[in-house]
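In what follows, a structure is listed as C-alpha cells, so that the remarks can point back to it.
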Amino acid sequence: MLCVAQPAAAQAMFPLLGFIKEEQASGPSVVHSSYQAVNNAATAASAGLSQQRIHLEQSHLYAGLQAVSLAPASQAAELAAAPNLELLLKEATEAYRAGDYNRALALCQPVSAALPNRADVLLLMGAICYQLKDYQQCIAYNDRCILIDPNLAEAHANLANALQQLGNIDMAVVYYQSALRLKPFFTDAYNNMASALVAKGLIPEAMDCYMQALRVNTRLVDVHNNLGDLWRAQGVLGRAAAQQCYLEALRLDMLYAPAWRGLGDLLRESGELVQALSCYQEAVRLRPCYGDAFTGMGVVLKELQRRPEAEACFEAVVRLRPGCALAHGNLAGMMYEQGKLDAAISMYHKALTIEPSFPEAYNNLGNALREAGRYDEAIACYSACIQLQYSKAVQQAQLQQLPMQPDMAAALAAAGSGVTVSIQGLPGLAAPGSNGTIVSVTAAGGGSSGLMSGLAAVVASRPPALLLPPAVAQRVSVAYNNLGGILKMMGQAMAAIACYEQVVLLQPDSPEGHTNLASAYKDAARHDVAIQSYRRALTLRPDFPEAFANYVHSLQCVCDWGERPALFARLEAEVRRDLGAGRLPSVQPFHAMAYPFSAELALAISMRYAEHCSLAASRLGLPALPHPPAVPLAPGQRLRVAYVSSDFGNHPLSHLMGSVFGLHDRSKVEVFCFALSPSDGSEWRLRIEAEAEHFLDASAWSVADIARRISADGIHVAVNLNGYTKGARNEIFALRPAPVQASYMGFPATTGAPFLPYLITDKVVAPPQLAHCYSEKLALMPNCYFVNDYKRCHRDVLNKALLPRRSEFGLPEDKVIFSCSNQLYKYDPDTFTTWCNILKRVPDSVLWLLRFPPYGESNIRLSAAQLGVDPSRIIFTDVAHKDVHIRRSGLADVFLDTPLCNAHTTGCDVLWGGCPMVTLPMERMASRVAASLAYASGLGPEMVVSSQAEYEERAVLLGSNRPLRESLRARLESTRLSCPLFDTEGWVRNLEKVLFRMWDIHLEGKGPRSFELFEMSNSRGSASLLPRLESTRLSCPLFDTEGWVRNLEKVLFRMWDIHLEGKGPRSFEVQ
C-alpha cells in the first residue's frame, strides 16, 4: 500500500509498500514430521523484502499414522482387548486425515485416558494440536512421547516444529539435530531444520540442510522447490540457481504446482510480468485451490494495471482461506489502490478480527483511514502497529536470548500491563511500550482526550533500543514514518519530529529518514537543524532530488546565499529533468512561486502537479458527478457558491476574508463553506461558522464524499481557496463537482489545472501582456482582486492615541526606519544589496526586520557587514499577534517590498497602518500583488517603481525628504476609509458580479473565457458619493500637482532614453 502525501506545503514523502503475502500455511500433518517450505519472514528479510509479511507454507509427506504401530507389544494387546478403543483410534485417524481436527481430538481423549503411555496415540494428539495451533499442548504431547521412547525421532522433529512456530528457533534446531542423530536419513528433519536456520539468518547452513536431504534422495521435488525459494530470496545473485532448482523440480514432476508458482515469483521479480502470469495460471490449473498462486497472479495483474482482475484473484484467495488475515489484507490493499476506501477499511477490520496482533494490517488500515480523513483513528492504528512490532521483537529477543538494552525489562513489564488500543469496530489490543496508557478513538475523525496522551506513550516514551533485525527495523520505521506524516499534516510538528527521530535511530543510514526528519524540523521553524539533516541525507544519497530541493528552500528561508547561483542552477536542471521524464518535480509550486524561475518553468511545475491531482482523483473510480442544469436562474433562484479551504481559522486567509462569507447578498447568492480542517476554536473560525449561510466541517470526509456533497448541493460555482498550499485537497476539484470552478486568493500563481479553468485576479496583477504566465482564463476584478477585512476588524489603528511607540519594540525614535516584515524566504541577495545601498545613502536610518524565522538573523547581519553596513543598524523583532503586528506596522517610515515575492497580507497590514511602501512589480503573479494594493489605495504612482535602480532612488528620496514622506503618509491615512482597497462590502458586490458572469459564460456553452469587470456607479447613490469625493480632494491624483510633476519628469527621461536607443520615437506608458 502507498503513503501518499499531499504535495502542497509538505516535503516529499516516500512511497511505502504494503506487506504482500507470498505463501500461506496449508496446514501440516506432523504425525511423523511436517514439511515446511522456507518462505517465511526471515527469508524475506534476507532478500531485502522487509516490507513483506510471509507465513510459512506447510505441506506434508505423511497423510496419517504409519501403518506400523509404535506401541509396545503389551499395550497392543491391551488395545486388541478393548475393541472400542481400537475403533475410536481408527476413527480419530480418519477424522485427522479429513481435516476434522476437533473431532479427532475428542475421539483421542478416551483412548489417551485408557492408554496414557501409548506413544503413537500421543504422537497423533500432538499432530492434532499442531493443526489447531495449540503449539504448547503439541510440545507437551511430544515431550511425553520422548519420555516413553527417547529414540522416537519423529517426536523430536514434531516438537521442534512446534517450537519453531512459537519462535523458539534455537531450541527447535536442537531438537531437529536430535531427530537426525536418531535417524540420519530423516529428510524431513533436514528440510524443516533448514527453515529454522533461515529464520535465524543462517542461510549457508540452511542450504547445506537442503543439500543433505537431496544427497539422501535426489528426487525430493519439494526440497528442490524449497531450495529454489531460498536461492530466489537472495536477490539477483541467486536467480540462476533458483531457476535451476525450479526446473529440476518440474523435470521430476511437471504437475508440481509449487514449482510453477516459484518460477512465477522469479519472473515477476525480474520484471517479466507476462511470463510470470503464465506460470501462475499453470499453477492454478494444476491446483485450482492454490491460494499462493492466486496471490502471485493478483500481484502481477496489479502491476499490469489490470486492477479488476487482480481484485478477483485476491477475492479468490479470501474465498479459499476465509480464516486467513493476510488474504483479507491483500484484498483490502487492492481496494485501497482503487480508491474504495470504505470497502478497504471494512476488509482491514476483518483481517484484524481474524488476527488482532497483525501489525501490518494496522499500518495499512491507518493509511486508508488517513485517506478517508479519519486522522485520529489513523494515528491510533499507526501507534498499534509500532507497539505490536516492538512487542514481537521483545518476545523474539527473549526467546532467542538476543542482546537487549538494560531498559528492556521495563518494556517487558509494560507489555503485560494491559495496555489497550481500542479502535471503533475492532477488538481491544494488548500492546507493549505505552506504560498503561489507553488510546481510545470514539468516533470517526473525532477528537479524544486519550488520543494524544496515548500517542505520547508511543512517541515520547521512546521504545527501547532493541537490536532489531533489519526487516523488523524497517517495518517499525514504516509505521513511524506514516505516523510522523499524519502528525506533520495535522500541524503537530514536535510529535512528528519525535517519530522521525525514531526512524533515523532505527535506520541511521536512511536518506529518506533524515529527509523527513528535516522536513518536520522545517515545519517547526528549526531551519538550523533541518539544514543539518538535509546535508546528512545528501551525504548518504547525493542524487536525491527531493532532499536537495528542500535543502535549497531551507537555505533560502534563513538567507544563506553563499552558493545560491550554483544551487539554483542545479535545482532548475533537476526540475527540467523531472519534467522531461514525466515525473513530479521535486520543487513544489508554492516554493517555485518565490524562486528566480521563468514564468514558463513555474507554469510547467504547476501543470505537472495538476496532472498528479487528476491521476489521484481518477483512481477513486467515481463516475461523472451531476451538475445543475445549464439554464438561466429562475426568478428568485440564487446562485449557489461553494468556498473550499483548509484555512478557515487562525490563518491569513481568514484574517483577510473573515467577513466576506457573511457579506454576500442572500437574496442573490447562497454561500456554502466546506472546511477541510477541523476547528481550531479561534475567533476567525467561530466567526465564519456563524456568518456563513452554510458551514460544513468536512475535515473528516473523504475527497470523494466532499465532491459528492458539492454536487448534491447543486453548486453552480466552486471556489478553491487553497491551490497548492498546506492542507489542500485539489483532488476534490479534479473530480469536477461543479460546472464552474475557479482558483482564488490562497495560491498567488497559476495552478496549471484544467479543472480550475478560472483565476480571479485583476489587470495590475495580470495585464494582457503577461497572459502567458497563466493556464487559466482570467476573471479580472476592478481595482484590486486582493480582499481584506481591516476596516471592520482593525479600526483601532485609526486612533493614533492607541498606537504603540517605537521604543516599545526597541526602535529609535529619531531615526528614519525602513522596514520589511515579509518572511525571510522572500528575500534575495540583489534586493538586500539594494537595501544596504539605501542605508548607506540615508545615513540616519535603520532597517527593521522580522525574525521569521529567527535562524536567518545571523546570516542577514553577516551579509550586511560584508556589504559595508554596520550590523547594529539592522533591528530584528519577533513575530507578534495579528492585532499588535498591524498596530506596529505604522511605526516604520517606509516599507521596502521584496520583488520576487511581494508583501500580500503584509502589504495590507502596512498600508492600513499608514506606512508607505516601495514595490517593484515583475512578471509573475506573486511579484505584482503589492503593486495592485498600492494602486487600489489611490497612491500607486508614488509607491510603484519599474526597475531596481528606480526602487533604490525612490526609497532614498522618501528616506531623505521628510516633507515628501510625511505628505505621502498623510494622504495614505486620509484615503483608508474611502479607497477601494479597504472597501470590503464594495469588493463583495464586485465578486458577486464576477461569479454571475462566470455562470452566464457557462450558459453560452462555449467554454470559459477571460473577461474584465469594470467598476460601475456606486449603488449606494450620490448621498454616499459626495463625502467620499470631498475626502479625496487632498489625496487623489487629480489635484496632486507635485505627483504630476514627478510623473512628467519620468516621461521626459523616458523620451531621452528612447532617443539614445537610436531607433526613433515610439509610444510608451509610465505607470
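None of the figures in this text is laboratory data; all of them are computed from the coordinates on show. Please read all numbers here as calculations on a predicted model, not as lab measurements. Because the Cβ atoms are built from the backbone with ideal geometry, glycine has one as well, and the counts that use them run over all protein chains shown.
Once the Cα-Cα distance is subtracted from the 0.36 nm per residue extended length, the Asn650 to Leu237 segment shows a gain of 143.0 nm. The trypsin sites (Lys or Arg not before Pro) of the stretch 266-312 meeting both criteria, a DSSP state outside H, G, I, E and B (loop) and at most 16 other C-beta atoms within 10 angstrom of the site's C-beta, are Arg306. Taking Cβ atoms as reference points and 12 Å as the exclusive limit, the residues near Arg576 contribute a net charge of 0, counting Lys and Arg as +1 and Asp and Glu as -1. Here Lys1006 and Leu625 are evaluated by their C-beta separation; at R0 = 22 Å the FRET efficiency comes out at 0.50. Calculated on the Cα set of the stretch 461-571, radius of gyration then Dmax: 14.4, 45 Å. The ranking of Glu1004, Glu360, Glu311, Glu953 by Cβ neighbour count inside 10 Å, starting from the fewest, reads Glu1004, Glu953, Glu311, Glu360. Counting only residues at least eight positions apart within a chain, or on another chain, the lysines with an alpha carbon under 21 Å from that of Lys763 are Lys777, Lys993.
May I ask for the net charge around Ala599, where only other residues with Cβ less than 11 Å from the Cβ of Ala599 are counted and Lys, Arg are +1 while Asp, Glu are -1? Local charge sum for Ala599: -1.
Relative to the Cα centre, the charge distribution of the stretch 618-781, modelled as +1 at Lys and Arg Cβ and -1 at Asp and Glu Cβ, gives a dipole magnitude of about 400 debye. Summing Lys and Arg as +1 and Asp and Glu as -1 over all other residues whose Cβ lies under 15 Å from the Cβ of Lys1063 gives a net charge of 0.
Amide H to amide H distances under 5 Å link Ile875 with Leu847, Trp848, Leu849, where only residues 5 or more positions off or on other chains count and H is placed in the peptide plane.
For a Förster distance of 22 Å, can you work out the FRET efficiency between the beta-carbons of Glu1069 and Arg997, rounded to the nearest 0.05? Between Glu1069 and Arg997 the formula returns 0.20. Assuming charge only on the beta carbon of Lys and Arg (+1) and of Asp and Glu (-1), the dipole of the stretch 812-983 about its Cα centre is about 120 debye to the nearest 20. Straight-line cross-link reach from Lys200 at under 21 Å between alpha-carbon atoms covers these lysines, not counting any fewer than eight positions away in the same chain: Lys21, Lys392. Using θ = phi - 60° in the Karplus curve 6.51 cos²θ - 1.76 cosθ + 1.60, the 3J(HN,Hα) couplings for the stretch 517-532 round to 4, 4, 4, 5, 4, 5, 5, 8, 6, 9, 5, 4, 7, 4, 4, 5 Hz; x is entered for Gly and Pro. The charge dipole of the stretch 126-220, taken about the Cα centre with unit charges on the Cβ atoms of Lys, Arg (+1) and Asp, Glu (-1), comes to about 180 debye, rounded to the nearest 20. When only Cα pairs below 8 angstrom with a gap of at least 6 residues are kept, the stretch 812-983 shows a relative contact order of 22 percent. For Thr833 and Glu693, the difference between the fully extended length at 0.36 nm per residue and the C-alpha to C-alpha distance is 45.4 nm.
With contacts taken as Cα pairs under 8 Å and at least 6 residues apart, the stretch 91-134 reaches a relative contact order of 39 percent. Placing dummy labels 7 Å off each Cα toward the beta-carbon, the span from Leu964 to Ser618 is 5.8 nm. For the listed peptides 825-835, 639-649, a ranking on the average number of other beta carbons within 10 Å per residue, highest first, reads 639-649, 825-835. For the stretch 363-375, putting each phi into the Karplus relation 6.51 cos²θ - 1.76 cosθ + 1.60 with θ = phi - 60° gives couplings of 4, 6, 4, x, 4, 5, 5, 4, 5, 7, x, 9, 5 Hz, in residue order, rounded to whole numbers and with x for Gly and Pro. The modelled label-to-label distance for the pair Leu147/Leu1052, using points 7 Å beyond Cα in the direction of Cβ, is 11.8 nm. Multiplying the residue separation of Arg219 and Ala566 by 0.36 nm and removing their Cα-Cα distance gives an extension gain of 118.4 nm. Inter-label distance, Arg666 to Ala106: 7.1 nm, where each label sits 7 Å from its Cα along the C-beta direction. Straight-distance candidates among the lysines for linking to Lys522, with alpha-carbon spacing under 25 Å and chain neighbours fewer than 8 residues away dropped: Lys488, Lys726, Lys826, Lys882.
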